[in-house]
Amino acid sequence: TGGRNGYGAKLANIFSKKFTIETADTKNKKIFKQTFKNNMMTREDPIIKDNPTNLDYTKITFEPDLSKFSMG
């Protein structure tokens with residue numbers, strides 16, 4: 001069975017003009033970044049690069065599509 005993990009991020013992505021996820025992993029020493037546009041209809045190729053920091057993190061930035069909420 002599946003849990004609810006990730007529902008918030010997935011819904012934010014579906015209702016966004018632009019949605020970017022970036023995550024850093026110190027174990028594998030990599031940073032993964034990918035951007036989706038137009039309510040997930042367009043996906044840019046992921047960017048994977050070395051992680052020079054000693055930080056693990058996940059960062060999500062998005063621009064909501066206000067027209068989906070009759071606000072724009």
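The values are calculated or read from the model by the stated rules, or taken from the named source; none is laboratory data. Treat the numbers as computed from the prediction; the structure is a model and nothing was measured. When we count neighbours, we look across all protein chains shown, and the Cβ atoms used for this are built from the backbone with ideal geometry, even at glycine. Keep in mind that these areas ignore ligands, DNA and RNA; they rest on the heavy atoms of the full protein, side chains included. Shrake-Rupley method; radii C 1.70, N 1.55, O 1.52, S 1.80 Å.
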ask   = How many of the residues in the stretch 41-59 are at pLDDT 95 or above and either closer than 13 Å to LEU11 by Cα or β-branched (Val, Ile, Thr) (or both)?
value = 3
inquiry  = So, in the stretch 34-56, exactly how many residues are in a loop (DSSP other than H, G, I, E, B), open to solvent by 70 Å² or more (accessible area, probe 1.4 Å), more than 17 Å from LYS68 (Cα to Cα) and in contact (Cβ under 8 Å) with a residue 12 or more places away in the chain?
reply    = 3
ask   = Has the stretch 18-26 got at least one residue that is β-branched (Val, Ile, Thr) and not in a strand (DSSP E or B)?
value = yes
Positions within the stretch 12-33 being polar (S, T, N, Q), over 10 Å from the mean Cα position of the chain (by Cα) and open to solvent by less than 40 Å² (accessible area, probe 1.4 Å), in sequence order = SER16, THR26
